[in-house]
1. Among 146, 134, which is in a loop (DSSP other than H, G, I, E, B), over 30 Å from residue 298 (Cβ atoms), in the same structural domain as residue 119 (by TED's automatic domain parsing) and not aliphatic (A, V, I, L, M)?
2. State all residues of the range 254-299 that are in a helix (DSSP H, G or I) and of a type outside the set (A, V, I, L, M); if no residue qualifies, say none.
3. Looking at 214, 192, which is the one that is in a strand (DSSP E or B) and either outside the structural domain of residue 83 (by TED's automatic domain parsing) or acidic (Asp, Glu) (or both)?
4. When both residues are 6+ apart or on different chains and their Cβ atoms are under 8 Å apart, which pairs have a first residue that lies in the range 325-338 and is surrounded by 13 or more Cβ atoms within 10 Å (Cβ to Cβ), and a second that is outside any helix (DSSP H, G or I)?
5. What number of residues in the range 92-137 are more than 25 Å from residue 72 (Cα to Cα), modelled with pLDDT of 95 or more and surrounded by 15 or more Cβ atoms within 10 Å (Cβ to Cβ)?
6. Could you check the range 158-178 and list, in sequence order, the residues that are surrounded by fewer than 16 Cβ atoms within 10 Å (Cβ to Cβ) and either within 21 Å of residue 98 (Cα to Cα) or in contact with a Phe, Trp or Tyr (Cβ under 6 Å, 6 or more places away or on another chain) (or both)?
7. Among the residues of the range 157-187, count how many are out of contact with any Leu (no Cβ under 7 Å at 6 or more places or on another chain) and either small (Gly, Ala, Ser) or not assigned by TED's automatic domain parsing to the domain that holds residue 100 (or both).
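The values are calculated or read from the model by the stated rules, or taken from the named source; none is laboratory data. Just so you know, these numbers come straight off a predicted model, no measurement behind them. All Cβ positions, even for glycine, are placed from backbone atoms using ideal geometry, and neighbour counts span all protein chains on display.
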Amino acid sequence: MKRKHIKPLLAASLFSLAPMATIAAVTPDLAAQAAAEYRTMARYPEWSQPVSGALADPLLAGREATVQTQAGPAGAGPALSVWASDIRYSTGDTAYFYASLAERTANSVNLLAPAPRSAAGPWAVTGELVDNNGQQLAMLSYRDDGKDGDQQAGDGVYTASYVLPATHQPDIGSAKNIAIKVTAVNADQDQRVALGGFLYSQPGAQLTGEYRDRLSEGSLVVAAKVDVAVAGRYHLAGVLASALGESLSLSQNAVHLEPGSHWVDLSFYGLILREAGVSGPYTLSSVTLTTAGAMPNALGPVVTTAHVTKPYLNVQFTDKPFARADLLDAATRLEGLVKR
């Protein structure tokens, strides 16, 4: 069973960019730091990593929409910012798109020059949806009147909505990128243009909402039931949290599934829960299933507060490090180079 790679820590990752001997000779302190980080990482398997409770849920953080901002000619204000309510939608979903115009305090082209003349509103804001073949899907009108999804009239945030139609949907098990070109025009015909986008996703499998948990070889396993429409490679990821909502561990599992119903395991390595010093019940605070057979991947929705486990005691979990051989070997080689 193949598991998805998890990004290494910063200092350790630097050593993938150059030969170990070269970097160790030039920066022995950094080499020693990387070796120590490799040893820390080796305590846990690649498919289950600890998550700091002080950090945001990594699955939810990865789904936050990016704000794209574009100023006028020569950096003139106001700048147009655009974003969406999500990074992915499926057929029948209502997508919400937002836009705002804000003054700039500096010239984005020449920081030493004063900002160019700022254009004045009111603004008429429109959006053009275009698929990755250049086909226009729709023209949208944005509004700031507190209606049809706009949260507050006159707050400067313009809103448009669009129901994803079946006529333009990608094949099941696939996805395609959709761009939205947003244009704001005032009475003087000043224009601001910015580009946003999202993923139109038709996953080949769905989470059913059924989960079960068990203790297995000193680790906590949460299994999710999935209904598969098309055979392919699927990637399940989930975050386990304490009863107080603090994120504890991220687990991932990549499997090939045939059509039908299947149970897919997420194994949260026991040492992580033991070291956290927190007993259950635990919450599967977020979980998502991705169809990963082609690019772009067909993302599924992130389900929150999906499952609450039995009240396991943290002492029931293993206290043994996983001892990843590849990382321990890399650490040993780095330490040997530093000593030369």
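1. 146
2. Answer for the range 254-299, where residues must be in a helix (DSSP H, G or I) and of a type outside the set (A, V, I, L, M): 270, 274, 275.
3. 214
4. Here the result reads 327/42; 328/42; 331/42, each pair linking the range 325-338 to a residue that is outside any helix (DSSP H, G or I).
5. Residues flagged as more than 25 Å from residue 72 (Cα to Cα), modelled with pLDDT of 95 or more and surrounded by 15 or more Cβ atoms within 10 Å (Cβ to Cβ) within the range 92-137 amount to 2.
6. 161, 163, 165, 177
7. 5
So that you can scan it fast, the table gives a plain yes or no per residue for (1) more than 30 Å from residue 272 (Cα to Cα); (2) free of Cβ contacts under 8 Å to residues at least 12 places away in the same chain:
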| position | (1), (2) |
| --- | --- |
| 159 | yes, no |
| 214 | no, yes |
| 235 | no, no |
| 242 | no, no |
